[in-house]
Amino acid sequence: MNGIGKSMSNGSKPLIPQGEELARPPTRLMVLISLVAAFMLTLLPWPKAALWLVPDLGLLVLVYWNIHAPRLAALGVAFALGLAMDATHGLLLGLHALSYCVVTFLVLMLRRRLAFFTLKGQAAHLAPLFLLQEALVLLLGLAYGHSQVDWRYLAAGIVTAALWVPACLVLDRLTGRPARLDRVTGG
Amino acid sequence: MSPATQAPLFVREMGLTTRFGLYLLVCLILMAVDSRYSAMSVVRTGINAVVHPAQQVLVWPFEFLADAGGFFTVHNDLVRERDRLLQERGQLRARLQEYQALKSENERLHTLAGLPPAPGLHRVQAEIIRADQDPFTRKVIVNRGSLHGVVAGRPVIDELGLIGQVTQVFPASSEVTLLTDHNQSAPVQAMRNGMRILVSGMGSDSLLEVRYLDLHADLKPGDILLTSGLDGIYPAGIPVARVLQIELPRHNPFARAICQPLGGVGQHRHVVILMPEKRA
């Protein structure tokens, strides 16, 4: 951990991948499969009364990869995932694409800082971003001519943030990243 | 290690902020184009044609479980239900005879009066396969599309009454906007006195409203509203709603009536799309 901290803090990028990245580098295929799987999970027949609570799993996985493999999943991937969301949910094309791009941009700015927090700390950082994403979708919908908005959908942002810790543990396990028990316990 | 995962030694790309700005611009333009012109419907249909089969595969295990649950129903229940259905069929047959007589009489009167015959209707059975996660409108997706001859704009009913209108058609599915949607309305007629009004959704899942009602209009709680057939989309005589209460005006010159939809809006799995009958 200290090695990474030092190399990051003096501002220059290390020429050779270090630490976590050396153990099991994320591949393009890994990113793609996990994103598609998460996207498909959101398309399951969720009960109609609880649709506004369904977390945005695609965004969750996107942010995970933004943090751990920013060279593989950045703005382009966010844009594509957003377009797919808009088209399948019959929304205005670009609504989710824009909000995902905003979240990805902010996460890319924050990722150096996030690396030094426990998963719970990261969830606390990300909760406002997930909320912002839901709010952006609703506000842009209003701005582009929808006359009424179901504000309950903001709750999905909170649910998504609450799922950050379990989702990270599952994704770490699936992609074979080294365990980060030290961070979970705050050590 | 693939070259893509490594940071390049010399940076030869746009900065993050510039790229972010460009993506924002593209998104804003996309939204503007999509909201003003219907040019993007091709893209939408294309993506849906890819996603729909995958979705069917995903939904399959859930439907299978539901069906498997149905396999273990008790013999007694089946017999009772069969008896009930037979009884219902008898009643419906009797009603149908009456209907045939009325229909032929109606046609005769139409020819006598020199009016063109009322167009017949062709019914397409459909099943609701999912409700969309959409904070703006109330929509469901049914499993009949342009391959089955569905056209956008057609009314959708269930066994109790009107539930909505087809708004978008994909190859094997189509999107139905429910009557309860805020932007959806239907021209109706009170059954008791034939008064013509417009009933609209109010964004609630179980209520409709008549927005601009004359202060002295003769509408009472309990009145049944049927489609009037004036718009040329909804055929006349489909039950739509029952009036629950009339709200007197407070800040504006119009009264407002709150109604309850008669059709199980978005509750039943099986619906019928009404298509105009093709004339030979």
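Of note:
- Applying the criterion of being of a type in the set (Lys, Arg) and farther than 23 Å from B:GLY164 by Cβ to the residues of region B:192-251, the residue that is modelled with the lowest pLDDT is B:ARG250.
- With respect to the conditions (1) at pLDDT 80 or above; (2) under 23 Å from A:HIS89 (Cβ atoms), B:GLU88 lacks only one, and its number is (2).
- Only one of A:ALA124, A:ALA80 that is surrounded by fewer than 17 Cβ atoms within 10 Å (Cβ to Cβ), more than 12 Å from chain B (Cβ to nearest Cβ) and within 24 Å of A:VAL170 (Cβ to Cβ): A:ALA124
- Matching residues in region A:44-68 - criterion: being in a loop (DSSP other than H, G, I, E, B) and buried (at least 21 other Cβ atoms within 10 Å of the Cβ): A:PRO55, A:ASP56
- Those residues of region B:130-168 which are among the hydroxyl-bearing types (Ser, Thr, Tyr) and more than 12 Å from the chain's Cα centre (by Cα), in sequence order: B:SER146
Residue-wise test of (1) within 14 Å of chain A (Cβ to nearest Cβ); (2) outside any strand (DSSP E or B); (3) surrounded by fewer than 21 Cβ atoms within 10 Å (Cβ to Cβ).
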residue	(1), (2), (3)
B:ILE128	yes, no, yes
B:PHE136	yes, yes, no
B:ILE141	yes, no, no
B:GLY153	no, yes, yes
B:GLN168	yes, no, yes
B:HIS182	yes, yes, yes
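- Pair list, Cβ < 6 Å and 6+ apart or interchain, from region A:40-55 residues that are facing chain B (nearest Cβ under 7 Å) to residues that are of a type in the set (Gly, Ala, Ser): A:LYS48/B:ALA131
- Looking only at residues of region B:23-64 that are loosely packed, with under 14 Cβ neighbours inside 10 Å and at pLDDT 90 or above, we find that the one that is farthest from the other protein chains (Cβ to nearest Cβ) is B:LEU25.
- Filtered residues of region B:204-228 (kept if of a type in the set (Gly, Ala, Ser) and in contact (Cβ under 8 Å) with a residue 40 or more places away in the chain): B:SER206, B:SER228
- Residue within region A:87-98 that is surrounded by fewer than 20 Cβ atoms within 10 Å (Cβ to Cβ) and within 9 Å of chain B (Cβ to nearest Cβ) present: yes
- Pick from region A:91-119, criterion in contact (Cβ under 8 Å) with a residue 60 or more places away in the chain and assigned to a loop (DSSP other than H, G, I, E, B), ranking: nearest to B:LEU24 (Cα to Cα): A:ALA115
The values are calculated or read from the model by the stated rules, or taken from the named source; none is laboratory data. Quick caveat: nothing in here was measured; it's all calculated off a predicted structure. Here Cβ is always computed from backbone atoms with ideal geometry, including for glycine, and neighbour counts include all displayed protein chains.
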